[in-house]
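Read the structure below first, then the notes.
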Amino acid sequence: MSFRSVHSCIGSLGSDLSLLADGVLLVDREMSKSGALDLATGVGGKIKKEDVQSAVEQYEKYHVCFGGGEETRKANYSDMVNKYYDLATSFYEFGWGESFHFAPRWKGESLRESIKRHEHFLALQLGLKPGMKVLDVGCGIGGPLREIARFSSTSITGLNNNEYQISRGRELNRVAGLSESCNFVKADFMKMPFPDNSFDGIYAIEATCHAPDAVGCYKEIYRVLKPGQRFAVYEWCMTDHFDPDNESHQKTKAEIELGNGLPDIRTTKQCLDALKLAGFEVISEKDLAADSPVSWYLPLDTSQFSITSFRLTSFGRFITRTMVKTLEFVGIAPAGSNRVSSFLEKAAEGLVEGGRKEIFTPMCFFLVRKPLSES
Ligand SMILES: C[S@@+](CC[C@H](N)C(=O)[O-])C[C@H]1O[C@@H](n2cnc3c(N)ncnc32)[C@H](O)[C@@H]1O
């Protein structure tokens with residue numbers, strides 16, 4: 001069997017399951033790098049294949065579970081976060097699709113539907129209108145950007161510090177026919193390369209949690225937003241149920257930080273205070289996890305089985321693990337791939353634990369406005 005046939009064989013496993021699951025041909029699945037071989041060859045992103053193993057080691061050392069400290073993570077946030085997304089992006093695309101975020105979910109709604117609805121909600125809260133110029137802060141490979149641009153007929157700039165994700169985003173925008181109206185800029189959201197008052201609306205989905213300093217990050221967003229306009233954000237937060245003196249709470253927090261490239265997960269109150277300190281007026285705030293009929297972490301919960309999110313189930317993850325191990329052994333996936341798979345498994349366990357104990361939420365929603373005149 002040729003390399004090409006192996007590729008299409010393994011790659012089709014995912015599409016077949018999607019077909020089974022949804023009963024329709026999911027064109028966007030075809031566009032995504034969603035096959036097992038895509039996963040294996042994509043591990044490491046822009047890191048040279050032979051350097052992946054040492055990048056994994058360096059990444060792990062930033063974290064508590066491997067003796068790392070918060071100050072080092074904050075001082076080296078750019079290196080830590082970029083390494084994380086170089087290592088993890090192909091796993092995300094394989095398991096989750098083009099949008100790398102969670103969503104509150106109604107009974108009877110599929111994961112994909114809930115993810116899109118969560119994106120549409122932001123567009124509605126921002127009051128997006130055709131022709132507006134919008135910024136997506138920490139845009140991943142642009143899944144939300146494409147969905148929101150199509151939903152609202154706006155022109156969206158995706159800001160991201162990870163070169164590999166931007167190259168994937170550009171390719172997916174080209175296939176979707178959105179290259180004219182939407183673009184990507186590679187830059188750090190702590191120092192954005194845009195003039196003051198540039199955008200009619202700004203949103204950030206599960207991205208500003210990577211900032212080493214929330215006030216600094218929100219201040220940059222404030223600066224580039226036009227006066228009177230809105231910023232909407234889904235933040236990762238420790239909730240009021242989190243007890244910093246509780247060892248098991250701290251262990252869960254550390255697992256989430258390790259598995260998700262985070263310097264330090266802030267509390268809901270810290271995020272709210274930071275938004276106010278940056279100068280914003282708060283319109284509304286709500287933890288959307290609190291009254292979600294279906295828990296956001298359900299797709300990661302190994303005690304559940306779902307045909308629509310098969311790859312995230314216990315059996316699906318077992319298959320992925322075995323494939324990654326095998327492809328690493330035969331030299332298709334770079335050395336170190338299996339360790340990435342392991343710390344992502346840890347992340348999933350931490351997230352489920354955090355969700356179950358209600359000490360963590362990935363969807364604390366804040367809607368804020370930049371005042372028309374600064375006081
Ligand atoms: C969990 S992903 C979410 C991506 C996207 N919002 C989505 O929902 O699909 C977090 C994103 O934030 C980006 N990011 C993290 N730190 C950043 C920084 N300092 N500057 C710009 N982007 C950053 C990462 O590269 C990644 O694309």
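Quick notes
- Overall form of the range 162-319 per C-alpha gyration tensor (a/c, 1.5; a/b vs b/c): oblate
- Between 0 and 90 degrees, the angle of helix 268-278 with respect to the longest Cα principal axis of the chain falls at about 50 degrees.
- Local net charge near Arg73, Cβ-Cβ under 9 Å (Lys/Arg +1, Asp/Glu -1): -3
- Between helix 314-329 and the chain: long-axis angle, C-alpha atoms, 0 to 90°, nearest 10: 70
- Look at the Cα gyration tensor of the range 320-375: its axes a ≥ b ≥ c give a/c of at least 1.5 with a/b at or below b/c, and that counts as oblate.
- Amide hydrogen proximity for Phe184: with H placed 1.01 Å from N in the peptide plane, the residues at 5 or more positions away or on another chain lying under 5 Å are Gly158.
- Net charge in the neighbourhood of Phe121 (other residues with Cβ under 12 Å of its Cβ; Lys, Arg +1, Asp, Glu -1) is +1.
- When a 1.4 Å probe is rolled over the protein heavy atoms, the share of accessible surface on the range 142-253 that falls to carbon and sulfur comes to 47 percent.
- Estimated distance in nm for a label pair at Asp240 and Glu163, the labels positioned 7 Å out from Cα along Cα-to-Cβ: 4.6
- Highest to lowest packing among 138-147, 329-338, 86-95, 209-218, scored as the average C-beta count within 10 Å: 138-147, 86-95, 209-218, 329-338
- Cα lying deepest toward the dipole's positive end in the chain, options Asn161, Ala290, Pro130, charges on Cβ: Pro130
- Helix-derived mean residue ellipticity, 222 nm - over the chain, DSSP H n ≥ 4, -39500 (n - 2.57), to 500: -15000 deg cm²/dmol
- Other residues with beta-carbon under 14 Å from the beta-carbon of Val352 carry, at +1 per Lys or Arg and -1 per Asp or Glu, a net charge of 0.
- Hz values of 3J(HN,Hα) by residue in the range 125-142 - Karplus curve (6.51, -1.76, 1.60), Gly and Pro given as x: 5, 7, x, 5, 10, x, x, 5, 9, 10, 10, 9, 8, x, 8, x, 9, x
- Surface accessible to a 1.4 Å probe, per residue, for the residues of the chain, Å²: 42
- Note on Lys46/Val175: beta-carbon distance plugged into 1/(1 + (r/R0)^6) with R0 of 22 Å gives a FRET efficiency of 0.60.
- Cα gyration tensor, the range 83-205 - rounded (a/c under 1.5), prolate or oblate: oblate
- The chain: most fluctuating residue of Leu277, Leu298, Leu135 per GNM, C-alpha cutoff 10 Å: Leu277
- FRET efficiency for Glu113 and Ala290, using Cβ-Cβ distance with R0 set to 30 Å, rounded to 0.05: 0.90
- Taking amide H as placed 1.01 Å from N in the peptide plane, the amide H of Lys46 sits under 5 Å from that of Tyr164, each at least 5 places away or on another chain.
- Within the chain: Cβ-based charge dipole about Cα centre, in debye rounded to nearest 20 (Lys, Arg +1; Asp, Glu -1): 780
- Label-point gap, in nm, between Ile319 and Lys191 - each point 7 angstrom along Cα→Cβ: 4.6
- The distance between label points at Phe151 and Phe66 comes to 3.6 nm (points 7 Å beyond Cα on the Cα→Cβ vector).
- Largest first and in whole Å, the equivalent-ellipsoid semi-axes of the chain read 31, 24, 21, each the square root of five times a Cα gyration tensor eigenvalue.
The values are calculated or read from the model by the stated rules, or taken from the named source; none is laboratory data. Everything numeric here is computed off the predicted structure, so don't read it as measured data. No Cβ is skipped: glycine too gets one built from the backbone with ideal geometry, and neighbour counts run over all protein chains shown. Heads up: the accessible areas ignore ligands, DNA and RNA and are worked out on the full protein's heavy atoms, side chains in. Shrake-Rupley method; radii C 1.70, N 1.55, O 1.52, S 1.80 Å.
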